[in-house]
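Okay, structure first, notes after.
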Amino acid sequence: MLYNKPDPQEVKVLTRRFGLENSASIDTYLATDGYQGFLKAREMTPDDIITEVKTSNLRGRGGAGFPTGMKWGFVPRTSPKPKYIVVNGDESEPGTCKDRLLIENDPHQLLEGMMIAGLAVDAHAGYVYIRGEYRYLIDILDKAIAEAYSRGWLGKNIQGTGFDFDVYTQTGAGAYECGEESALLESLEGKRGVPRIRPPFPAVSGAFQCPTVLNNVETYSAVPSILRDGGAAFASLGTPRNGGTRLFCLSGHINRPGVYELPMGFNLLRMIEEVGGGVWRGKKLKAVIPGGSSCPVLTADECDLAMDYDTLAKAKTMLGSGGVVVMDEDTCMVKAAMRIMRFYAHESCGWCIPCREGTAWLRKLLIRFHDGGGARSDIDLIGDVARNMLGRTFCPLGDAAAMPTISFVEKFRGEFEAHLAGRPCPHEHADHLALV
Amino acid sequence: MSDLVHLTIDGKPIEAPAGTLLIDAVRKYGIEIPAFCYYEGLALQAACRMCLVEVEKMPKLQTACTLPVAEGMVVRTETPVVADARKAMLELVLTNHPLDCPVCDKGGECELQDMTFRYGAGEGRFNETKQHIDEKQWSPVVFFDRPRCILCYRCVRICNEGMGVAALGIANRAVTSEIIPNEADHLNCDECGMCIDVCPVGALTSGPYRYKTRPWEMDHIATICAHCADGCKTTLGVRNNSIIRANNRDHSGLNGDFLCVKGRFAFDYGASQERLQTPLARVDGKLEPISWTRALKTIAAKFGEVRQRGGAFGVIGSNHTTNEENYYLQKFARQGLGTNNIDHHRTGDVITLIDALAGKGGQLATVEDIYNAPAVVVLGCDLSHQHPMLAYQLRANVRHHQAQIYPITPGPVREDNQATRSLRVDKGGEVEALGSLAAELKQAGGVVILYGDPVKGDAVRKLVDFGESLGVPVKYVALVDYSNSRGAIEMGLTPELLPGMTPSNTGGMRIGQMLASTDLDVLWVVGANPLKNRAALAGKPFLVVQDLFRTETAEQADIVLPAGSAYEKNGTVTNVCGQVQMLKKGIGAMGTKTDLDIFALLAKEMKLDLGPATPDALLAEIRTTVKGYDVVLAVLATGGAAMTGVNGPVAIDVPVDAIHSANDTMYTSGSISRYSKALTSLMEYPGELYSGKSK
Amino acid sequence: MTFSPELEAKFDKLMKSYPPGRLRSALVPMLLFGQDELGSITPELIDEIVNRIGVTRLQVQEVLSYYSMLHTKPLGRHHVQVCTNISCLLRGGDKLWDHVCERTGLKNKEVSADGQVSIEEVECIGACSWAPAVQVNYDFHHNVTREELDRLLDGLEKKQ
């Protein structure tokens, strides 16, 4: 099912089957070149498969943007241990709602991507970890898996190729942290979603302490077309070092919010104006979070840039998970910062001191500040506490909480000053605030 | 692992074996990288972020506790950036900390205090409400105060990895994370208090110690635990002549950081209300207080009279008295009283082992060997209950060296959890069952075999034959029960053997014979309770008992002399492995005398010349005259453990029927435990604690 | 304890989903699926899971207290979850939440006296482009307005 209308500027690679009747069924899939990438890969050596993925310049769609082919290449294929393909379907980054659509509308594309990864690293089993709130997706995927088994596209000796592959679904139960790959593996092993010390990385010691390829739903979903049409074709859709298309999730104060598949490097302002139909209610743009809530915010003036990993890194923010959150001129930036911090304080796993204590402190501080109880010194303190977390936490969640906070204070200091003691939020009355 | 890598720390070139963690590598060079969560020997956490250091070519600060050294690595541990990070971590961890140092038991020996003093900020910037959670009591001995907790997870790991109990876990997440016990609101565990010991702050506190003192008001006296035979070092915290706590302050003993429930909490038996404080004499059938002078004169007169007329003496010594006391007692008996009727409660067959290993040398395992052996076999003993420290070493060996473990026991034991393979056999069938492990043990390349009391006499010889047949280094431990059981045998407290396991070649009564004899004129019982499970003596000897309490045996005595406990005397004891260590007097007890002083006074009263009777002089005598006890004094004097070298052959018939372990559990200690409030409170505590079964 | 055939089938499938000796992996799904059927994670459910996959009660406690969807107290039959995270907030998610509180007279994570409805202010549920979003049990409701929310709550009351 689609929740928003497609846009003519979209380049539909991963979403090419979206909107087809019974797009999730194996018949639709097979009728539209489904599993051809797998069959092609079956004829290739593992090294060639990995080279093809490297050629595509596909980079991890979960947030970090690590080159996928390189990641697969780290798996010690000759290890006597079994290897696993694990899918990160824990999509929880605020502003992000794309993996949901990929599983809902084209589950077989994901399965095929997993199988190709299996061929590349000699893995014969895969787990799809899906956040607990997405229960209906587990049902959809389980159905697709059952279809694939019954039609000989999963299980023993797939389509007579001699390749065996099994896929299992696994539910989360409410924890943003399980989107961090090693925390996800802990959760998959029946434990608290606390990240592991790395190295070793999952490629060497992942699921069940065995070599593991772990990628995002969207990353795997891009793989079948890369194998089918060639890595070069995929790469050519994007910009150098940023291959292909990706699903951008437009949300916030925009006329046509929705998920759109656009080439890497698509201009952010055009994305907002043309694809998203511009800022709603005729308002002016104030700020954009370009890649999910953990990315530093961009001011309206900074938004004329290409949406790819490198350009955004140069702009001191991140492409992240593709969640583009648009804020209009009436948005209270203190409130936005506060709400984002409430999220991280709620989702911190609690393992390390700086993240556990830092997010909790900033939550209290930002709530007090937004409610009008702030002092001038608190403005610097907010930035200081965030900087004290930055780069020092056990896993990236601490950075994810610190980075946007620092950017909000630095770029919208005036709004913080406007909230000083005795002056409640100029934008609206104070919030009720649920603590943990 | 032994390849050395070279790196630069704070401008100094250093080297360390490949694989060493940075935090360990620098310590040798006098550089300390601060940490809360890092705890040597336990799983890495990287949670406290205090050990962040600058490493060249790495953009972010790195945790020294997880970073292995690498060739050419350039590290800086004290830069403004590092100092700033540490200051930041302390500021953060103190945000929800109650800062109740003035009333915190840990104040003065708190790592958080020390670290804040060294790296912390001078002022706080946290202006929000602190999160408060009420303190909880988890057992008679363990209290938990969440606000003080910094979540370093040391307690969770020591309980899980160190103890193999896993009674502590982590609940909730984010800032509401907290340590939880396994039974919702209380602990069902060993109550060993290791969690309290490793806690760097005042989050976990000890029931018996709470609010008793400030740490700096105590003297800290390192001595050896008075309970089982493992010989753990325990540091007594003494104030105003009373022991306030026992812990493991400097980790210098052969127990490393370990203490069990007895070592940590059962120091209190000496302070029991039931402690004898004056000699007692039987008057009209009842024991009445008398003076020391009268008591000693009466005994001396009686002993002198019986000796004069060639009457029969029986002497029963102790498993708890020092080597010096035991040595002097056997001298008193043999030379002073002219009797060879001397014995003690024998709890394991050491003698046959020494004989079977005659001439081989170096095959008695030390505690360290148990930690290092590629394979460890445990025969007929519930190790975690009877030898908790050896069991701890064994678990550490599995963790650190992936040792193979083989418990061969009648029932399930905790070691099964670490075992490569467990064998269940009927009592007595242990050695036979061992045969099936031959190939695996050979493969392992080295074995330590621990055996309990079911293995005795011929079974020990068969065991050694089996060990010899493996063709790999094999070492042995004959498991015995109490703090100086080993020393009692080796100091000559048996009729068969003189000190140093020299055959006496003179007949003499053993305990059973003494108790059953109708011919004894005097029975002198020192620190033993042979009538514990026995109604009365067969004969009517003049019964003299030296003890701390009115035990079953003392109740039948003609004269009872109040003796000093192991915490009230100097001397040496020999542990289960044959390692000698020094006791150091912590306190004195009103009205009592040490057993050695009692012997000396009696000798003086009887005008016997048995040589000097001070611990130092006797140790010197033992070192020069007792075979195998020529241990290095400096090792003992500096708190070390010196391995003895008692060697065979020991050409005697070992009376195997006299060997019986008391099969104490984790919470019992012969006749002592019932006088320990701490232990009795735990026994009454709900749960499976005192089931006596391994968990 | 006995479960519905559907849940038993789910559990059976889970037990076969992992490599040998890795049954603990089934813990999180079993807790969540069990909760779905029983309304909460009951001591009996925990006992059953402990027996089936060989974990300790402490391990279960550690895990169930970590995940925000797992509850040891029953929720309402209709658990109304309002997202107020950034994308929803920008489109009035916080106002919706105020409205749900007012309308039901309940506070966060409270259950109505009749056990029919409970409410929760939740973190991002992955419906950012169709904000504000509400989830009732596992059902998503997108682009929710105050009027639609009223209709939704009316519907729940009728379902009783």
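So which residues in the stretch A:233-244 are surrounded by fewer than 24 Cβ atoms within 10 Å (Cβ to Cβ) and either touching a strand residue (DSSP E or B) at 6+ places or on another chain (Cβ under 6 Å) or of a type in the set (Lys, Arg) (or both), if there are any at all?
Result: A:237, A:241.
Can you tell me which condition residue A:189 does not meet? The list is (1) within 14 Å of chain C (Cβ to nearest Cβ); (2) crowded, with 22+ Cβ neighbours inside 10 Å, and all the others hold.
(2)
Of all residues being more than 18 Å from the chain's Cα centre (by Cα) and of a type in the set (Ser, Thr, Tyr) in the stretch C:90-137, which is nearest to residue A:345 (Cα to Cα)? Just the residue, please.
Ranking the candidates gives C:129 first.
Condition check ((1) facing chain C (nearest Cβ under 9 Å); (2) within 17 Å of residue C:67 (Cβ to Cβ); (3) within 23 Å of the chain's Cα centre (by Cα)) across all residues:
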{"residue": "A:119", "(1), (2), (3)": "no, no, no"}
{"residue": "A:127", "(1), (2), (3)": "yes, no, yes"}
{"residue": "A:137", "(1), (2), (3)": "no, no, yes"}
{"residue": "A:157", "(1), (2), (3)": "no, no, no"}
{"residue": "A:162", "(1), (2), (3)": "no, no, no"}
{"residue": "A:170", "(1), (2), (3)": "yes, yes, yes"}
{"residue": "A:199", "(1), (2), (3)": "no, no, yes"}
{"residue": "A:211", "(1), (2), (3)": "no, no, yes"}
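I need a count of the residues in the stretch A:1-29 that are within 14 Å of chain C (Cβ to nearest Cβ), over 23 Å from residue A:219 (Cβ atoms) and either within 20 Å of the chain's Cα centre (by Cα) or of a type in the set (Gly, Ala, Ser) (or both).
Number satisfying all stated conditions: 0.
Residue B:210: surrounded by fewer than 24 Cβ atoms within 10 Å (Cβ to Cβ), of a type in the set (D, E, K, R) and within 14 Å of chain A (Cβ to nearest Cβ), yes or no?
Taking the combined requirement at face value, the residue does not satisfy it.
Condition check ((1) in a loop (DSSP other than H, G, I, E, B); (2) free of Cβ contacts under 8 Å to residues at least 40 places away in the same chain; (3) surrounded by fewer than 21 Cβ atoms within 10 Å (Cβ to Cβ); (4) more than 10 Å from chain A (Cβ to nearest Cβ)) across all residues:
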position: C:63; (1), (2), (3), (4): no, yes, no, no
position: C:80; (1), (2), (3), (4): no, no, no, yes
position: C:87; (1), (2), (3), (4): no, no, no, no
position: C:97; (1), (2), (3), (4): no, yes, no, no
position: C:100; (1), (2), (3), (4): no, no, no, yes
position: C:106; (1), (2), (3), (4): yes, yes, yes, yes
position: C:114; (1), (2), (3), (4): yes, no, yes, yes
position: C:126; (1), (2), (3), (4): yes, yes, no, no
position: C:132; (1), (2), (3), (4): yes, no, no, yes
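Would you confirm whether any residue within the stretch B:98-109 is buried (at least 18 other Cβ atoms within 10 Å of the Cβ) and within 13 Å of chain A (Cβ to nearest Cβ)? Talk me through it step by step, then tell me what you get.
Here is the first cut: in the stretch B:98-109, the residues buried (at least 18 other Cβ atoms within 10 Å of the Cβ) are B:104-106.
Now drop any that are not within 13 Å of chain A (Cβ to nearest Cβ), which leaves none.
No, because not a single residue in the stretch B:98-109 is buried (at least 18 other Cβ atoms within 10 Å of the Cβ) and within 13 Å of chain A (Cβ to nearest Cβ).
Quickly run through the stretch B:86-112 and pick out the residues that are of a type in the set (S, T, N, Q) and free of Cβ contacts under 8 Å to residues at least 40 places away in the same chain. First the steps, then the outcome.
The first filter runs over the stretch B:86-112 and keeps only residues of a type in the set (S, T, N, Q), leaving B:95-96.
Correct list: B:95 only.
Which numbered condition in (1) more than 25 Å from residue B:212 (Cβ to Cβ); (2) away from every other protein chain (no Cβ under 13 Å); (3) of a type in the set (Val, Ile, Thr) is the only one that residue B:82 fails?
(2)
Could you tell me whether the stretch B:366-373 includes any residue that is closer than 18 Å to residue B:577 by Cβ, of a type outside the set (Phe, Trp, Tyr), surrounded by fewer than 24 Cβ atoms within 10 Å (Cβ to Cβ) and in contact with a Lys or Arg (Cβ under 9 Å, 6 or more places away or on another chain)? Before the answer, list the steps.
So in the stretch B:366-373, the residues closer than 18 Å to residue B:577 by Cβ come out as B:366-373.
Filter once more, so that each one left must be of a type outside the set (Phe, Trp, Tyr): B:366-370, B:372-373.
Checking the rest, the ones that are also surrounded by fewer than 24 Cβ atoms within 10 Å (Cβ to Cβ) come to B:366, B:368-369, B:372.
Narrowing further to those that are in contact with a Lys or Arg (Cβ under 9 Å, 6 or more places away or on another chain): B:366, B:369.
Looking for residues that are closer than 18 Å to residue B:577 by Cβ, of a type outside the set (Phe, Trp, Tyr), surrounded by fewer than 24 Cβ atoms within 10 Å (Cβ to Cβ) and in contact with a Lys or Arg (Cβ under 9 Å, 6 or more places away or on another chain), one finds at least one in the stretch B:366-373, hence yes.
Only one of (1) out of contact with any Phe, Trp or Tyr (no Cβ under 7 Å at 6 or more places or on another chain); (2) of a type in the set (Ser, Thr, Tyr); (3) surrounded by fewer than 19 Cβ atoms within 10 Å (Cβ to Cβ) is not met by residue B:272, so which one is it?
(1)
Going through the stretch B:232-254 one residue at a time, which ones are out of contact with any helix residue (DSSP H, G or I) (no Cβ under 8 Å at 6 or more places or on another chain) and part of a loop (DSSP other than H, G, I, E, B)?
B:240, B:241, B:249, B:250, B:251, B:252, B:253
Being within 12 Å of another protein chain (Cβ to nearest Cβ), surrounded by fewer than 24 Cβ atoms within 10 Å (Cβ to Cβ) and among the hydroxyl-bearing types (Ser, Thr, Tyr): is that true of residue A:176 here? Before you say what the answer is, go through the steps one by one.
Values: within 12 Å of another protein chain (Cβ to nearest Cβ): yes; surrounded by fewer than 24 Cβ atoms within 10 Å (Cβ to Cβ): no; among the hydroxyl-bearing types (Ser, Thr, Tyr): yes.
No; evaluated as a whole, the condition is false for this residue.
Listed here are the residues, each with its yes/no results for (1) surrounded by fewer than 24 Cβ atoms within 10 Å (Cβ to Cβ); (2) facing another protein chain (nearest Cβ under 10 Å).
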{"position": "A:368", "(1), (2)": "yes, yes"}
{"position": "A:387", "(1), (2)": "yes, yes"}
{"position": "A:402", "(1), (2)": "no, no"}
{"position": "A:407", "(1), (2)": "yes, no"}
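If you take the residues of the stretch C:1-53 that are within 14 Å of chain A (Cβ to nearest Cβ) and small (Gly, Ala, Ser), which of them is nearest to residue B:184 (Cα to Cα)?
Taking the candidates together, the pick is C:40.
Sort out which residues of the stretch B:27-77 are in contact with a Leu (Cβ under 8 Å, 6 or more places away or on another chain), of a type outside the set (A, V, I, L, M, F, W, C) and within 14 Å of chain A (Cβ to nearest Cβ), and write them in order of number.
B:38, B:54, B:62, B:63, B:66, B:68
Tell me which helices (runs of 4 or more DSSP H) are completely within the stretch B:563-677 and hold 3 or more residues being touching a residue at least 40 places away in the same chain (Cβ under 8 Å), or say none if there are none.
Once the helices (runs of 4 or more DSSP H) in the stretch B:563-677 are filtered for at least 3 residues that are touching a residue at least 40 places away in the same chain (Cβ under 8 Å), what remains is B:595-605, B:615-625.
Quick one: which residue in B:154, B:173 is facing another protein chain (nearest Cβ under 8 Å), under 27 Å from residue B:90 (Cβ atoms) and among the basic types (Lys, Arg)?
Numbers: B:154 fails: facing another protein chain (nearest Cβ under 8 Å).
Just one listed residue meets the conditions, B:173.
Could you say whether any residue in the stretch A:70-78 is of a type outside the set (Lys, Arg), modelled with pLDDT under 95 and surrounded by fewer than 24 Cβ atoms within 10 Å (Cβ to Cβ)?
Initially, the stretch A:70-78 is screened for residues of a type outside the set (Lys, Arg), giving A:70, A:72-76, A:78.
Retained after the next criterion (residues that are modelled with pLDDT under 95): A:78.
Keeping just the survivors that are surrounded by fewer than 24 Cβ atoms within 10 Å (Cβ to Cβ) gives A:78.
Among the residues of the stretch A:70-78, at least one is of a type outside the set (Lys, Arg), modelled with pLDDT under 95 and surrounded by fewer than 24 Cβ atoms within 10 Å (Cβ to Cβ), which makes the answer yes.
Determine which single condition residue A:219 fails, assuming it passes every other condition in (1) within 18 Å of the chain's Cα centre (by Cα); (2) assigned to a helix (DSSP H, G or I); (3) over 28 Å from residue A:297 (Cα atoms); (4) not charged (D, E, K, R).
It is condition (3) that residue A:219 fails.
Let's see how each residue does on (1) surrounded by fewer than 16 Cβ atoms within 10 Å (Cβ to Cβ); (2) modelled with pLDDT under 95; (3) not in a loop (DSSP other than H, G, I, E, B):
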site	(1), (2), (3)
A:1	yes, yes, no
A:12	yes, no, no
A:27	yes, no, yes
A:33	yes, no, no
A:49	no, no, yes
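The values are calculated or read from the model by the stated rules, or taken from the named source; none is laboratory data. Since this is a predicted model, take the numbers as computed values, not measurements. Cβ sites come from the backbone with ideal geometry, for glycine too, and all protein chains shown count toward neighbours.
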